[in-house]
Each structure stands twice: as structure tokens, then as C-alpha cells.
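Q: Pasting a structure below so you can have a look.
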Amino acid sequence: MSARFSEETMTAAMREIAAILDVSPEGGRLLQLTNNAVYALPRAGIVIRIARTHQLRDRVTKVVQLGRWFAEVDAPTIRLAPEVEQPVNFGGLAASVWQFVPPHPPAMNVEDLATALRAFHAIGVPTFPLPAWDPIGDARRRLTDADGLSKPDRNFLIGWCDRLELEVTALNGRRPQTLIHGDAHIGNLLREPLGRALMCDFDATCVGPWQVDLAAAAVGEARFGPPTGGRSLAATYGYDVTSDSSWPVLREARELKMIAAAAPFLVTSQAVAEEFANRLRSVREGDQEAHWKPFAALSVPQRQYRTHPWTTH
């Protein structure tokens, strides 16, 4: 990825977008620098999410549409900033703007995630079209935008996509379709003042088998550890996804997403590139016990990363 998506470029874009919204960027801080550059502007009460790759621009329109619908059905989600015409377009970039939710104790846990997911899965499917769960297509789009990917790594990932695609297609065809978050983990939860857990980050939201969301949490625990919450998640939600007959496919699809997500950003961060290599090596070697590090913790300074749970794996 070229410098047009660097942290400096994104910060400049955030300031320009703040000017468009007629709010001050002072006091703003970077929360995330992966697929999106996410900035909190607490004084203005907003969060600005800027897509960092042209391949994902259409997602900004989708999440804005979802945000409007979530408000209509009172979904357990964050809300779009009021009175802002969205998406916000500037200099070839697209952004969405959300209400800022200050951190509230207690810290999020797997029981909160399970409760939020049950409510999220129960709200139904909107009348407007949403994409089907397509982890293979998503991975291929990330590889297209990956300037720093070596030929051997690209070939391995393409081959993985080709092999897994048939299994994913079969799974999509035989399971009931419902609304799925697509990137369900504790880092994508916020707590409102009254205590309810709210979901955020809807880039991957789509329709597909609801088990996908439970697999995200289970794989996250397996790779990031320590293994402490799997039983609580299953008990609170009422289902243990690791006992599902499709668990191997669900796990592979999630791990492919967790690796391919970093492909466009290899040239912008040595730490991310090293973790990408670690993840890919463990998959090549069939090592399901290998420990991974969250990309967000590597790409955003720790003093910022710890101030807010709006992060990504």
C-alpha cells in the first residue's frame, strides 16, 4: 500500500473531514489503523471511520445504510452521528461518522459478547439487499490491493482460497441465512451508560450462517488466548460452535480472514509484516496451537490502543 493510506495521510484526511462537519479535531486520537483509520473526537462527540483501501469503499455506503436501520429497530449497536449527511466523501476517500461512546465499566467479557450476539441475530434481516457471507471473495479483494505481498505468499493464499471456496459455498447453501456481524469479538463491543453492550464495526456484516459469529470468538480465543471464556460464551449464547459439524470450515474461513486482512498493509508496518508471516507460517505448518498477536496492538501505539475497545484482530 502506498503512502496515500499512511497514518499521516489519514490524519490529514480526518482533519479535513472534521472541517467539513464544522467540528474541531482538537483532542482527537487514533483508535485503529488497519482496514479503516478510526479517530475519536470526544469533544465533538463523534468517531470518524475512514476506509484505507479503495477496494472497500462500497462498504462505507453499506455500513451507513445499516446504521440507519439499526436505529429504526433499536438494535444493540452504536448509532450514526445525527444530522450528518453520509457517507462523507473527501479527496477520493469515504468515511462514516458515529456517535462517540465513552468507555464505561465494567470491562467487556464473553458473556457480554454472547448476549449482544443473541440480540443481534434476533433482529431479522433488513429489506434492503446485503451481501452474502463471502470470506473467500473478501480475501481475494485484499490480495488484489496488497503491494508488499511476496509471490510465494500470494500463491499460497490464492491456493487456499481456491480450495476453501467450494466448502464455504456448500455451507452457505445448506444453513439458514440470518444477519451476521461478521467480525464478532470483544474488541467490537462498547458499553452504553445504562450497561447494555453495543456492537460496532459493521464492515463485514452480511447474511449467512449465524454460526460464523460464534466461530469468530472461538478462533480468537484459540489464537490469542488464554482459553478462559469459551465455555461461558457457549453457555450464555446456548450453543457450542466447536461441536458443530462445520467447525473445521468455519475455523479456516475465519483464519483466512484474519491473515488476509493485513495483506494490504504489509509495506506500512514492519511489526504487522512480521505478525503476518507468523500467522501464515503457522497455517502452512498446520500448527493450530501457535499464538498470534492482534494487528491493532501492533499498528497503533499502546497508549492509544488501551484507551478504547474499538479495535480489531
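Q: Read phi for every residue in segment 237-249 and hand back ³J(HN,Hα) as whole Hz from Karplus 6.51 cos²θ - 1.76 cosθ + 1.60, θ = phi - 60°, with x for Gly and Pro.
A: Per residue, the Karplus-derived 3J(HN,Hα) values read 6, x, 7, 9, 5, 5, 8, 5, 5, 9, 3, x, 5 Hz.
Q: Using amide H atoms built in the peptide plane, which far-off residues or other-chain residues are under 5 Å from Thr77 H to H?
A: Result for Thr77 returns Met199.
Q: Another question about this same structure. Treating cross-link reach as a plain straight distance, find the lysines whose alpha-carbon is under 25 Å from the alpha-carbon of Lys293, omitting any fewer than eight places away in the same chain.
A: Lys151, Lys257
Q: Please report, in debye to the nearest 20, how large the charge dipole of segment 83-140 is about its Cα centre when each Lys and Arg carries +1 at its beta carbon and each Asp and Glu carries -1 there. Could you put the intermediate results ahead of the total?
A: On the way: 2 positive and 6 negative charges, 24 e Å.
With Lys and Arg at +1 and Asp and Glu at -1, about 120 debye.
Q: Quick one: putting +1 on the C-beta of Lys and Arg, -1 on the C-beta of Asp and Glu, what dipole do you get for segment 110-305 around its Cα centre, in Debye to the nearest 20?
A: The dipole of segment 110-305 has a size of about 60 debye.
Q: Lys/Arg Cβ at +1, Asp/Glu Cβ at -1, dipole of segment 83-151 taken about the Cα centre: which of Phe128, Pro103, Val84 is farthest positive-ward?
A: Checking the options against the dipole of segment 83-151, the answer is Phe128.
Q: Using unit Cβ charges (K, R positive; D, E negative) and no other charged atoms, how large, in debye to the nearest 20, is the dipole of segment 51-192 about its Cα centre?
A: Using only the charged Cβ atoms, the result is roughly 280 debye.
Q: Based on DSSP H runs of at least 4 residues, each adding -39500 (n - 2.57), what is the mean residue ellipticity at 222 nm of the chain after dividing by all its residues, to the nearest 500 deg cm²/dmol?
A: -14000 deg cm²/dmol
Q: Provide the packing ranking of 76-84, 31-39, 183-191, 111-119, i.e. peptides ordered by the mean count of other C-beta atoms within 10 Å per residue, highest first.
A: 31-39, 183-191, 111-119, 76-84
Q: Rounded if a/c is under 1.5, else prolate if a/b is larger than b/c, else oblate: which is segment 3-99, with a ≥ b ≥ c the root eigenvalues of its Cα gyration tensor?
A: It is oblate, given that a/c is not under 1.5 and a/b is not larger than b/c.
Q: Continuing with this model, one more query. Per residue of segment 164-171, what does 6.51 cos²θ - 1.76 cosθ + 1.60 with θ = phi - 60° give for ³J(HN,Hα)? Whole Hz please, x for Gly and Pro, Karplus curve as stated.
A: Once rounded to whole Hz, the list reads 7, 4, 4, 5, 5, 4, 5, 5.
Readers should treat all values here as calculations from the given coordinates under stated rules, not as data from a laboratory. These figures come from a predicted structure and were not determined experimentally. Backbone-built Cβ (ideal geometry, glycine too); neighbour counts: all protein chains shown.
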